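Scroll down for the structure; my scribbles are underneath it.
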Amino acid sequence: MIRSLRKTSGRTARFFENSLACRAPDRQHAVVAWGLIASAVWITANLVGDPNGNELALAGLYLLGILAAVCAIDARYGIIPDSLVVALAVGGLIQTYLSGHGGVLQRGLAAMAVFAIISLFRAVYRWARGHNGLGFGDVKFVSAAVFWIGIEGIPGLLLVAVLSALASLVILRAEGYELHGKQAISFGPHLAIGLWAIWIAGPLQFVL
């Protein structure tokens, strides 16, 4: 387990080093990396003096660590490990229980509903286009995200993720890559920045 954590930490550090410096092979994720870092600084500054600041800071640190690992691994291997999805869901459950936002049971039912809806969308997309538009890891990630932001936050998460993915495609195109309708990109980093943005919008009551 310790060895696995070391590997994940190393991959995450390399991902952010390359992305923040706009170096290959992660330069297309520069928007994600800078977005995570900049918003982490912003939320830290805004939590100063907040009576619930310590609890939110700990939750944010945990979430940011999970999301950073998701970015690094999905960008490199094109998968979101189940262990990270479980860690995301468990952290969200704990946050939901401690904060009292909606109740654990309600969030659990909402997560199952989101899982069913997105799985259906994924199946219909594959039937219509002949290839997957979302990986199954992406489906599980979004379902686990419900425990952090509720079902009402999912549309915003997906909107931010799509905009982030478009920014990555623009970067790739500017570098001369030939893009096509079946272009495969790792969507995990974009889902990560989407979840992070919407989670910040919640505790700080910031309207996007």
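Rule-based calculations on the coordinates, nothing more; no lab input. This one's a predicted model, so the numbers in the text were calculated from it and none came from an experiment. Glycine also receives a Cβ, built like all others from the backbone with ideal geometry; neighbour counts cover every protein chain displayed.
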With each label point set 7 Å from Cα along the Cα-Cβ vector, what nm distance links Arg173 and Val90?
-> 4.2
In cubic angstrom, how much convex hull volume per residue do the alpha carbon atoms of the stretch 2-201 span?
-> 117
What FRET efficiency do you get for Asn132 and Ser99 if R0 is 45 Å and r is their Cβ-Cβ distance, rounded to the nearest 0.05?
-> 0.80
At Glu55 and Met112, where each label point lies 7 Å from the Cα along Cα→Cβ, what is the point-to-point distance in nanometres?
-> 2.8
